[in-house]
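Encoded as structure tokens, the structure appears first; notes follow it.
Every number in this text was worked out from the coordinates using simple rules, so none of it is lab data. Only a predicted model underlies this, so the values are computations on that prediction, with no experimental measurement involved. Note: ideal-geometry Cβ built from the backbone for every residue, glycine included; neighbour counts use all protein chains shown.
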Ligand SMILES: Cc1cc2nc3c(=O)[nH]c(=O)nc-3n(C[C@H](O)[C@H](O)[C@H](O)COP(=O)(O)O)c2cc1C
């Protein structure tokens, strides 16, 4: 069975909600999912999974939160097959800084798929975007591994 890791950081719950929707969608498509909240307990090894989906909120003028930087450093290498999602708020600097952490993580991991950017909570109209993005990730992964 194909097995994906979701690793996410969330301060006030928005990115957690996105992670939960992604998990539901992956499971609906028969993908095994391990979800890890960054900063809690033992860090999983992305090499044990077929892909890693990493999610973060954005802080301090487009910055990546320290706990996410620590996670990236603790993993210690750049896994292949990384997909990135994030939440942010355009009120903190408009498009230039919106979901800056997701943009930076996607660049760092050389993700071959565009990062998902969600404004605050995904509940409501943005739910469809999360599902569509997740299904795109599955198609992308399958295409690479057929
Ligand atoms: C002090 C502060 C700074 C922020 N800076 C940014 C930013 O530069 N860019 C952005 O897109 N969102 C920014 N945000 C918005 C958060 O990233 C957004 O609310 C996010 O959904 C929080 O995720 P969480 O609920 O998973 O913690 C900022 C929020 C706070 C409180």
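Tell me yes or no: at least one residue of segment 8-27 is more than 9 Å from the ligand (Cβ to nearest atom), touching a helix residue (DSSP H, G or I) at 6+ places or on another chain (Cβ under 9 Å) and in a loop (DSSP other than H, G, I, E, B).
Checked segment 8-27: no residue is more than 9 Å from the ligand (Cβ to nearest atom), touching a helix residue (DSSP H, G or I) at 6+ places or on another chain (Cβ under 9 Å) and in a loop (DSSP other than H, G, I, E, B).
Only one of (1) within 16 Å of the ligand (Cβ to nearest atom); (2) closer than 18 Å to residue 77 by Cα; (3) over 16 Å from the mean Cα position of the chain (by Cα) fails for residue 42. Which number is that?
(1)
Give the number of residues within segment 84-102 that are touching a strand residue (DSSP E or B) at 6+ places or on another chain (Cβ under 8 Å) and within 22 Å of residue 66 (Cβ to Cβ). Break it down stepwise before answering.
Let us first name the residues in segment 84-102 that are touching a strand residue (DSSP E or B) at 6+ places or on another chain (Cβ under 8 Å), namely 84-90, 97-102.
Going one step further and asking which of them are within 22 Å of residue 66 (Cβ to Cβ), we end up with 84-89, 97-102.
Residues in segment 84-102 being touching a strand residue (DSSP E or B) at 6+ places or on another chain (Cβ under 8 Å) and within 22 Å of residue 66 (Cβ to Cβ): 12 in total.
Do you know which of the residues in segment 58-83 that are crowded, with 17+ Cβ neighbours inside 10 Å and near the ligand (Cβ under 8 Å from one of its atoms) is nearest to residue 6 (Cα to Cα)?
In this case the residue turns out to be 58.
Among (1) out of contact with any helix residue (DSSP H, G or I) (no Cβ under 9 Å at 6 or more places or on another chain); (2) near the ligand (Cβ under 9 Å from one of its atoms); (3) closer than 17 Å to residue 23 by Cβ, there is one condition residue 86 misses while meeting the rest; what is its number?
Condition not satisfied by residue 86: (1).
If a residue has to be surrounded by fewer than 23 Cβ atoms within 10 Å (Cβ to Cβ) and touching a residue at least 60 places away in the same chain (Cβ under 8 Å) to count, how many in segment 11-32 make the cut?
The first filter runs over segment 11-32 and keeps only residues surrounded by fewer than 23 Cβ atoms within 10 Å (Cβ to Cβ), leaving 11-14, 16-17, 20-21, 23-25, 27-32.
This time we only want the ones that are touching a residue at least 60 places away in the same chain (Cβ under 8 Å), so: 13-14, 17, 21, 25, 29, 31.
The total comes to 7.
Can you name the number of the only condition in (1) within 14 Å of the ligand (Cβ to nearest atom); (2) surrounded by 20 or more Cβ atoms within 10 Å (Cβ to Cβ); (3) within 16 Å of residue 22 (Cβ to Cβ) that residue 37 fails?
(2)
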